[in-house]
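Trainee: Got a structure for you, questions after.
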Amino acid sequence: QVQLVESGGGLVQAGGSLRLSCAASGRTLSNYAMGWFRQAPGKEREFVTTIRWSADSTYYADSVKGRFTISRDNAKNTVYLQMNSLKPEDTAVYYCAAGASTRAVRTGTGNYWGQGTQVTVSS
């Protein structure tokens, strides 16, 4: 079992930045691909980004490419999401996910999930 706890959400103005963190416990994070999803009010949960266990491969949703950056520190069992140039449409609950591969994370297959952290971007 992997337990994931997100932090770093909050309220920010459009154009601002936030950095989310996801701390893992229970198992060594380096065994898993990691990722972030988000869910806006009234919408389905959507994939944002994922990173391979070795950090040598990342994937991003088109909506966040060039603005968001995922990274990980396996020694600290933590994954990060740096969000720049935030837009009101980025407002959502952001969830951390751990899976067997980046493909598994992207498709939500057998993922472990955190409880989510709220990000609100005001216009």
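Trainee: Determine whether Y59 is in a strand (DSSP E or B), farther than 15 Å from G116 by Cα, open to solvent by 20 Å² or more (accessible area, probe 1.4 Å) and among the aromatic types (F, W, Y).
Mentor: yes
Trainee: I'm checking my understanding of the structure. Among residues of the stretch 46-56 that are open to solvent by 60 Å² or more (accessible area, probe 1.4 Å) and under 23 Å from R27 (Cα atoms), which one is modelled with the highest pLDDT?
Mentor: R52
Trainee: Count, please, the residues in the stretch 100-119 that happen to be open to solvent by 60 Å² or more (accessible area, probe 1.4 Å) and on the phi > 0 side of the Ramachandran plot.
Mentor: So the answer is 1.
Trainee: Taking only pairs six or more apart or across chains, which ones have beta-carbon atoms under 6 Å, a first residue in the stretch 35-48 that is under 23 Å from N74 (Cα atoms), and a second residue that is assigned to a loop (DSSP other than H, G, I, E, B)?
Mentor: That search, which allows pairs on different chains as well, returns F37/R45; F47/A61; V48/A61; V48/V64.
Trainee: Continuing with this model, one more query. From A97, A75, which residue is hydrophobic (A, V, I, L, M, F, W, C) and crowded, with 18+ Cβ neighbours inside 10 Å?
Mentor: After ruling out the rest, the residue left standing is A97.
Trainee: Which ones in the stretch 1-15 are hydrophobic (A, V, I, L, M, F, W, C) and either assigned to a strand (DSSP E or B) or surrounded by fewer than 13 Cβ atoms within 10 Å (Cβ to Cβ) (or both)?
Mentor: Listed by number, the residues that qualify are L4, V5, L11, V12.
Trainee: Name the residues in the stretch 27-45 that are open to solvent by less than 40 Å² (accessible area, probe 1.4 Å) and at pLDDT below 90, would you? Walk me through how you get there before you give the answer.
Mentor: From the stretch 27-45, those open to solvent by less than 40 Å² (accessible area, probe 1.4 Å) are 29-30, 32-38, 40; that's our starting set.
Residues satisfying the conditions are L29, S30.
Trainee: Going through the stretch 93-123 one residue at a time, which ones are in a strand (DSSP E or B), among the small types (G, A, S) and in contact with a Phe, Trp or Tyr (Cβ under 9 Å, 6 or more places away or on another chain)?
Mentor: A97, A98, G99
The values are calculated or read from the model by the stated rules, or taken from the named source; none is laboratory data. Please read all numbers here as calculations on a predicted model, not as lab measurements. Cβ: placed from backbone, ideal geometry, glycine included. Neighbour counts: every protein chain shown. Heavy atoms of the whole protein, side chains included, go into the accessibility calculation; ligands, DNA and RNA do not. Shrake-Rupley method; radii C 1.70, N 1.55, O 1.52, S 1.80 Å.
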